Amino acid sequence: LENLQPEIKKLAERLRYEVSVRGKQLGWSETVARFHFKKNLRRIITELYIRDNCHPFKATLLVWVQIPMWVCVSLALRNCSVGATDSEVQKQFSAGGALWFTDLTAPDSTWILPVSLGLVNLLIVEV
């Protein structure tokens, strides 16, 4: 999208000139000329998006998939650690950790996992 901005700017200037010339020939008011300019500029921009296959919605698609996935994974992890009522599952979670989190049923007092999860998600969205 950023690479198209100079081309869009040039085309908009040219279109503005053409619309003003055509408007003077046909006696259009400022409102009618602005309407035709916006309509044609929208058409040109859509054609550029199709030509370069870079619709703006594609840039936000990852976010719309990532947010529900993050919520579901967070809730699943919480339900596994807190909501497990079976004593065997509880026993496995309390002894199955690694590194600094040896007990998976205890909250992370260092906040390393939540912060790193947030940073990784931010990195994925930004990249």
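The values are calculated or read from the model by the stated rules, or taken from the named source; none is laboratory data. Given the structure is predicted, the values throughout are model-derived calculations rather than measurements. Here Cβ is always computed from backbone atoms with ideal geometry, including for glycine, and neighbour counts include all displayed protein chains. Remember, those area values only see protein heavy atoms, side chains included, never the ligands or the DNA or RNA. Shrake-Rupley method; radii C 1.70, N 1.55, O 1.52, S 1.80 Å.
What number, rounded to the nearest 500 deg cm²/dmol, is the helix-based mean residue ellipticity at 222 nm of the chain, given -39500 (n - 2.57) per DSSP H run of at least four residues and division by all its residues?
-25500 deg cm²/dmol
Could you provide, to the nearest whole Å², the per residue accessible area of region 58-126 with probe 1.4 Å?
Using a 1.4 Å probe on heavy atoms only, each residue of region 58-126 averages 79 Å².
Using a 1.4 Å probe on the protein chains only, how many percent of the accessible area of the chain belongs to carbon and sulfur?
About 65 percent, which is the carbon plus sulfur part of the accessible surface.
Check which residues have an amide H placed less than 5 Å from PHE101's amide H, if you skip close sequence neighbours.
Sorted by chain and number, the residues that satisfy this come to none at all.
Solvent-accessible area per residue for region 3-54 at a 1.4 Å probe radius, Å²?
Value for region 3-54: 79 Å² per residue.
Please give me the summed charge of the neighbours of ARG16: other residues whose Cβ is under 12 Å from its Cβ, Lys and Arg +1, Asp and Glu -1.
Value of the local net charge: +4.
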